[in-house]
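Presented below is the structure to which this report refers.
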Amino acid sequence: MSRRRPRKATSKLLGYIMTAPAILLFLLISVYPLLNGIILSFENYNPVMPAARAFVGLENYAKLLGNDAEFRSVLGFSFAYTVSVVAFSYIMGFIFALMLHGPMRGRGVYRTLLLLPYVVAPSVAAVNWLWLLNDRIGFVNHVLLTLHIVQEPLLFLADPTLAKFTVIALGTWRGFPFMMIVILAGLQSIPRELYESAYVDGAGFWTSLRYITMPMIRTVSAVCIMLRLIWTFNSFENIYLLTGGGPNRSTFVLPILTYYTGFWRNRISYASTIAVFMLAVLVVFSLVYLRLKKKEDI
Amino acid sequence: MTKKTMKQGTALILATLLFVSTAACSKPKGATGGVQSASEPAKLLIWEMNWGPGEKQETAFKKLLDKFTGENPNITVEHQIIPWAGYYDIFMTAINSRTAPDASTGGGAQVGLYAKMGALTSLEPIIDGWKAEKNPILDDFSPMVTDLWRYDGDLKALMFGSDPKVIIYRKDYVEQAGVTSVPKTFGEFADALRKVKAKFPDKVPLAMAASDSTRTHNTMLFLAANETGFLKADMSPNLQSKEAQESLNFIKLLYDEGLISKGTAGYTNSESERIFMTDGAVYVSCSSPGALGGVPFFDQCVVLPPLTGPSATKGHASNTPNAIFSFSNTKYPDQARAYIKFFMENSKDYFIESGHGNYPTRLSYYKDPYWANSPMHMQYFEYAINNNLPWWWPVPEMYPAILNISGERVVGDALQKIVMGMDPIKAAAESDKAIQEILTTYN
């Protein structure tokens, strides 16, 4: 026993030494920026005027939550965008997962095709959608006009209200394949015997859906919804590449506002305050996610 | 020594090496070193903005650098082509972390801010060198090249290129529409567009972008035509002035009469160009021969001379001058200046071979067949290079806030709102307020 202790201690020390580079890297690239961002939110740092940097306490938070009309407006749309995209993505993902779960020829091909929106690069998707939605040369308006569904081209990206619906629709388009794959995995884990027993008892499609499918995929659904909420709330590129936040800033979401505030307006501290606010929202989402995950693991 | 001990020892050594190498890699490039002679060994990091088609520009720029290092064997060069997307944060991060390159090209609006931050080194020795050499190059520059970015008497950047904003049109369609003379005023231009619309109802008379940064250039195009700017010379906001309102009201007229597309507010520049290039428009604003080079009707494309607005004695093109500068964190200021001097003296082939989006500021270059034999290039030269106002005119000196004004697109916001149906007075008032807020921040 007396000979084993020093060896154990040495081994423990070696473990610390071995993991030290990884821990240092983690602290450097993850924890330090996070802490620095939080500290910045209590200052008035502007990179153009570094000499004027000072601690301002809760001033930025008071302004953000008190009288920043732009922030309130953007926050409202951010939540509306996030909830809409996640809800529509879930519904679409669920429908396609159900279709792919049933017996069908060429399932692999359909699955691959339906995954495309998720794997295509955001910049490529944005450029293509810009052209597809153009009022003069766009395919979508061409079809709508040819079928006499509309009399005038729809201004998908030039009308502030329509632009909001457009970015939600395209967010849904990008987001539903993830939902589909996760729900499909959930569906495939439901024992077939349950459906067979229900069938014997006279249950039809809707009854099975309500009393077997939905309860059985509840946890997996909750997890993918929470993940999607986090990713969508935090998403920058989908909207920025498509509309740049316009027209007339009607499609600004919090990540775009943070970017504008930090870089174009040089108000790094105020941008950090917005980012910390976003972090708080995301922490809430994450806690819910972890709770659900724990439940799923049990 | 057991096998396990050997493994642990090796792992320990590797971990130590990793740590040490990480620390070595993170060593900062270093603050300003002592001034060294250009003949002393140096390794320069050069940034070049993405001014042309990727591979074409890369090859041509590499050729220029090879020539430079060939003539300066003690200097080695590493270069990066920097994309415009996210350029603001790339530069600001580099400046604040003192890892900016030794020299770089960039948008003219960048210079004022970087100069205020003390991030640029003096280029005065280059001018002194040319004077000492009695170099005729000083007489070969278009106006402003050596004076545009002078702060407290110190030159911080040289203007290497111009990117004037003009309107290009299809000569064949315009003639078919019965437009017999080139429009010179806002009124004549509106008449020409009306004729085009009547003759070609399926085409957009004027394709124009108001979604991306081009909305600022389009606003400036019509302001410069009326000899006015978004600021007065005393740096007070000017979009509600009579002259600016005449320009903005003209844009409103274009929108109300359907002479521009109803979807203009959502168009990026590449979209408005695409409409023109796919035969969907007769006039297009803020395009360039480089962008239109591949269209089958290129020989029918003509540059419209700058219009003259109601309050102008003579209309002008709006110009976006672009700059080359050196950052003050360089360890090799003399070598960096040597590179900039070389660039200004020897960039003709680079302009030609890279598909460069700028027009050179060296007037003698335009005698080269590349420009001289191209009708559209020479129209640019005659109408725009020789007759333009920098987009921040009439403010005499580039000021730091302009980069934010440009980045936030607050000038172009007025145009975007007008092509969404807003009254020009209200749109101008909102933009003036936003501009004043930015100016106040800097004061």
Q | Residues (in contact with a Phe, Trp or Tyr (Cβ under 9 Å, 6 or more places away or on another chain) and not in a helix (DSSP H, G or I)) located in region B:264-280 | A | B:Asp279
Q. Quick check, is A:Tyr259 open to solvent by 30 Å² or more (accessible area, probe 1.4 Å), in contact with a Phe, Trp or Tyr (Cβ under 8 Å, 6 or more places away or on another chain) and without any contact (Cβ under 8 Å) to a residue 60 or more places away in the chain?
A. yes
Q: For residues that are free of Cβ contacts under 8 Å to residues at least 60 places away in the same chain, part of a helix (DSSP H, G or I) and within 19 Å of B:Phe160 (Cα to Cα), tally how many sit in region B:92-124.
A: 1
Q.
Can you find a residue that is touching a helix residue (DSSP H, G or I) at 6+ places or on another chain (Cβ under 7 Å), among the polar types (S, T, N, Q) and modelled with pLDDT of 95 or more anywhere in region B:171-186?
A. yes
Q. Can you find even one residue in region B:180-203 that is under 24 Å from A:Pro160 (Cβ atoms) and crowded, with 18+ Cβ neighbours inside 10 Å?
A. no
Q. Where in region B:125-244 are the strands (runs of 3 or more DSSP E), entirely inside, with at least 1 residues that are more than 24 Å from B:Thr268 (Cα to Cα)?
A. B:149-151, B:154-162
Q.
For B:Met277, only one of the following conditions fails: (1) among the hydrophobic types (A, V, I, L, M, F, W, C); (2) touching a Pro at 6+ places or on another chain (Cβ under 9 Å); (3) open to solvent by 10 Å² or more (accessible area, probe 1.4 Å). What is its number?
A. (2)
Q | From the options B:Asn387, B:Asn443, residue that is open to solvent by 10 Å² or more (accessible area, probe 1.4 Å), without any contact (Cβ under 8 Å) to a residue 12 or more places away in the chain and either more than 14 Å from chain A (Cβ to nearest Cβ) or not small (Gly, Ala, Ser) (or both) | A | B:Asn443
Q.
Suppose we keep only residues that are away from chain A (no Cβ under 12 Å) and open to solvent by less than 30 Å² (accessible area, probe 1.4 Å) within region B:406-440. Which one would you say is nearest to the chain's Cα centre (by Cα)?
A. B:Val411
Q. In region A:245-256, which residue that is buried (at least 22 other Cβ atoms within 10 Å of the Cβ) and at the interface with chain B (Cβ under 8 Å from one of its Cβ atoms) is nearest to A:Ala121 (Cα to Cα)?
A. A:Gly246
Q. If you go through region B:317-328, how many residues are modelled with pLDDT of 95 or more and open to solvent by 10 Å² or more (accessible area, probe 1.4 Å)?
A. 1
Q. All but one of (1) within 14 Å of another protein chain (Cβ to nearest Cβ); (2) on the phi < 0 side of the Ramachandran plot hold for B:Asp140; which doesn't?
A. (1)
Q. Within region A:58-75, is even one residue in contact with a strand residue (DSSP E or B) (Cβ under 9 Å, 6 or more places away or on another chain), touching a residue at least 40 places away in the same chain (Cβ under 8 Å) and surrounded by 11 or more Cβ atoms within 10 Å (Cβ to Cβ)?
A. yes
Q. Can you pull out the helices (runs of 4 or more DSSP H) entirely within region A:82-180 that have at least 2 residues that are farther than 30 Å from A:Arg210 by Cα and within 12 Å of chain B (Cβ to nearest Cβ)?
A. A:122-132, A:139-146
Q) Any idea which of B:Gly280, B:Gly355 is closer than 27 Å to B:Asn373 by Cβ and either within 14 Å of another protein chain (Cβ to nearest Cβ) or touching a residue at least 60 places away in the same chain (Cβ under 8 Å) (or both)? A) B:Gly355
Q | Hey, B:Trp371 at pLDDT 90 or above, crowded, with 22+ Cβ neighbours inside 10 Å and closer than 25 Å to B:Met144 by Cα or not | A | no
Q: Determine whether B:Glu382 is more than 14 Å from chain A (Cβ to nearest Cβ), in contact with a Gly (Cβ under 9 Å, 6 or more places away or on another chain) and either assigned to a helix (DSSP H, G or I) or more than 12 Å from B:Pro306 (Cα to Cα) (or both).
A: no
Q.
Return the residues of region B:48-99 that are touching a His at 6+ places or on another chain (Cβ under 7 Å) and closer than 26 Å to B:Glu408 by Cα; say none if nothing qualifies.
A. B:Glu48, B:Trp51, B:Gly52
**Q.** In region A:28-57, the residues that are within 14 Å of chain B (Cβ to nearest Cβ) and open to solvent by less than 80 Å² (accessible area, probe 1.4 Å)
**A.** A:Pro33, A:Asn36, A:Leu40, A:Asn44, A:Tyr45, A:Asn46, A:Pro47, A:Val48, A:Met49, A:Pro50, A:Ala52
Q. Looking only at residues in region B:75-91 that are without any contact (Cβ under 8 Å) to a residue 60 or more places away in the chain and not hydrophobic (A, V, I, L, M, F, W, C), which one is nearest to the other protein chains (Cβ to nearest Cβ)?
A. B:Asp89
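The values are calculated or read from the model by the stated rules, or taken from the named source; none is laboratory data. Source: prediction; values computed, not measured. A quick note on method: Cβ atoms are made from the backbone with ideal geometry, for glycine too, and the neighbour counts reach across all protein chains shown. Quick note on the areas: whole protein, heavy atoms, side chains included, nothing else; ligands and nucleic acids left out. Shrake-Rupley method; radii C 1.70, N 1.55, O 1.52, S 1.80 Å.
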